[in-house]
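If you scroll down you'll find the structure; I have some questions about it.
The numbers here are math on the coordinates, done by the rules we state, and not lab data. As the structure is a prediction and not an experimental result, all values here were calculated from the model. Positions of Cβ are generated from backbone atoms using ideal geometry, with glycine treated the same way; all protein chains shown enter the neighbour counts.
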Amino acid sequence: MLSRALQHQCQVTPHATLIVAVSGGADSLALLAALSALARRPHLAYTIRVAHVNHRLRAEAEQEAQQVQHIAQQLDLPCDTVALDPSAATSNTSAWARRERYRALAQIAEEHSAHAVVTAHHGTDQLETLLLNLMRGTGTAGLAAMRWRKRVYGCDVIRPLLNQTHQACVQLCESIGWSWVEDPSNGQISQRRNRIRAQLLPVVEQIAPGLDARIHRMTDQLADLSQFLSLSAQDLIEEAQRTADAGTASIEFDRSVLAAAHRVVVAEAIRKSAVQLGAPARKLNASTLTAAARAVMDSHRHPRTIELAGDVTVRVTSRTVRMDAGRTGGEPQ
């Protein structure tokens with residue numbers, strides 16, 4: 001199944017150079033074991049390099065880096081280790097670590113002209129992400145959760161384990177006698193994702209056993225729908241957009257053109273435009289976008305203003321829809 005996912009969903013061709021991101025946890029070690037075995041098959045002949053990013057945020061970090069290097073040596077694979085500077089971390093340490101980790105992995109991939117970076121996100125992670133996004137009030141893109149292939153910092157990142165489970169990764173490590181490290185932060189149930197993992201997923205497993213191994217079927221369909229919706233919204237934006245005032249952070253549309261489209265496409269066009277104006281994509285919830293789309297499409301002619309995230313507003317008048325960054329409420333100026 002890994003071979004099929006690599007070739008079909010992740011679009012990896014034979015003889016490709018792959019950078020395998022290995023933290024030392026069960027998931028990434030299982031990925032490395034399976035991928036190194038596949039690479040030896042003559043018809044695939046992948047070139048594998050191990051990459052480990054040491055965030056230096058925990059006392060055990062150095063030991064974990066050494067363990068990854070040791071396993072790479074056992075497999076006769078080269079290993080690139082990058083140590084980050086934790087003094088540069090922002091107040092959101094997790095976000096900083098994730099951003100710098102991907103930046104480091106992308107740099108390693110560029111240095112070795114690699115086809116892609118391979119990460120060990122699996123179906124259990126996918127189910128967690130879907131539930132987390134659902135709680136945030138996400139749209140179609142959020143329900144599609146993680147993609148098999150994504151561009152990050154100019155590098156392709158692939159996730160060939162989205163049709164596997166965390167338990168399957170653990171079982172593979174146990175079968176070959178590998179020990180792995182556990183990130184103690186995963187036990188902090190004050191974080192919403194960890195609470196989903198510790199408290200909600202066991203209940204889901206009781207009700208729908210094996211759902212995390214099948215969830216990719218639904219998220220794949222949602223990803224296709226999301227892509228279709230995105231393309232349709234972009235076409236609508238190009239058709240409806242008027243020339244905005246020079247030097248202003250605003251976008252103006254012909255209301256009649258927007259109103260003739262499907263409400264879901266209008267909401268996506270508003271979302272894409274809001275992101276273009278600087279609104280944080282994660283904070284644009286579906287209910288607010290739907291309300292803005294309904295205001296565009298209803299029969300009322302009086303001016304109204306809908307506030308989105310990041311100080312982006314949607315101003316609906318009888319003939320136009322104007323989106324501004326940094327302006328909230330009030331009459332048009």
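How much net charge surrounds R159 when only other residues with a Cβ under 10 Å from its Cβ are counted (Lys, Arg +1; Asp, Glu -1)?
Taking every Cβ under 10 Å from that of R159, the sum is +2.
Next question. Normalising by the residue count of the chain, find the relative contact order in percent from Cα pairs under 8 Å and 6+ residues apart.
In percent, rounded to a whole number, it is 14.
Something else now. Take the range 2-215, compute every pairwise Cα distance, and split them into 5 Å bins from 0; I just need the percent in each bin.
Spelled out per bin, shortest first, that is 1, 7, 13, 19, 21, 19, 12, 6, 2, 0.
Test of understanding: ordering E268, E111 by Cβ neighbours within 10 Å, fewest first, what list do you get?
Details: E268 26, E111 11.
With the fewest neighbours first, E268, E111 line up as E111, E268.
Taking a ≥ b ≥ c as the square roots of the Cα gyration tensor eigenvalues, with a/c under 1.5 meaning rounded and otherwise prolate when a/b beats b/c, else oblate, which class fits the range 248-333?
Values: a/c = 1.63, a/b = 1.15, b/c = 1.41.
It comes out oblate by the Cα gyration axes.
I would also like to ask the following. So how strong a dipole does the chain carry about its Cα centre when Lys and Arg Cβ are +1 and Asp and Glu Cβ are -1, to the nearest 20 debye?
In debye, rounded to 20, the chain gives about 800.
Apply the a/c threshold of 1.5 to the C-alpha gyration tensor of the range 189-244 and tell me whether it is rounded, prolate or oblate. Write down the numbers at each step before the final one.
Values: a/c = 6.51, a/b = 2.26, b/c = 2.88.
The shape class here is oblate.
In what sequence do R294, R271 fall when counting other Cβ within 10 Å, fewest first?
So the ranking, lowest neighbour count to highest, is R294, R271.
Put +1 on the Cβ of each Lys and Arg and -1 on the Cβ of each Asp and Glu in the range 241-325; which of V321, A249, L277 then has its Cα farthest toward the positive end of the dipole?
After comparing all options, I get V321.
Something else now. Which value at 222 nm does the chain reach when only helices count, each DSSP H run of 4 or more adding -39,500 (n - 2.57), with the total divided by all residues and rounded to the nearest 500 deg cm²/dmol?
After summing the helix terms and dividing by residue count, I get -14000 deg cm²/dmol.
Output the relative contact order of the range 241-325, whole-number percent, from Cα pairs under 8 angstrom with separation of 6+ residues. List each step's numbers first, then the result.
Numbers: 137 pairs, mean separation 29.4, N = 85.
Relative CO of the range 241-325 lands at 35 percent.
For the pair H15 and Q191, how long in nm is the line joining their label points, each one 7 Å along Cα→Cβ?
Output for this residue pair reads 4.2 nm.
Still on this structure, please answer the following. Under the classification rounded if a/c is under 1.5, otherwise prolate if a/b is larger than b/c and oblate if not, where does the range 125-217 fall, given a ≥ b ≥ c as square roots of the Cα gyration tensor eigenvalues?
It is rounded, given that a/c, with a ≥ b ≥ c, falls under 1.5.
Please give the net charge around V12, taking every other residue with its beta carbon less than 12 angstrom from that of V12, where Lys and Arg add +1 and Asp and Glu add -1.
Around V12, the surrounding residues sum to +2.
Residue farthest toward the positive end of the dipole of the chain, with Cβ of Lys/Arg at +1 and Asp/Glu at -1: which of S175, Q164, A233?
With unit charges placed on the Cβ atoms, the residue in question is A233.
Placing +1 on the Cβ of each Lys and Arg and -1 on the Cβ of each Asp and Glu in the chain, which of V152, L29, L258 has its Cα farthest towards the positive end of the resulting dipole?
The listed residue farthest towards the positive side: L258.
Listing K283, K272 from the residue with the fewest other Cβ atoms within 10 Å to the one with the most, what is the order? If you can, show how the numbers build up before the last one.
On the way: K283 13, K272 18.
Lowest to highest Cβ neighbour count: K283, K272.
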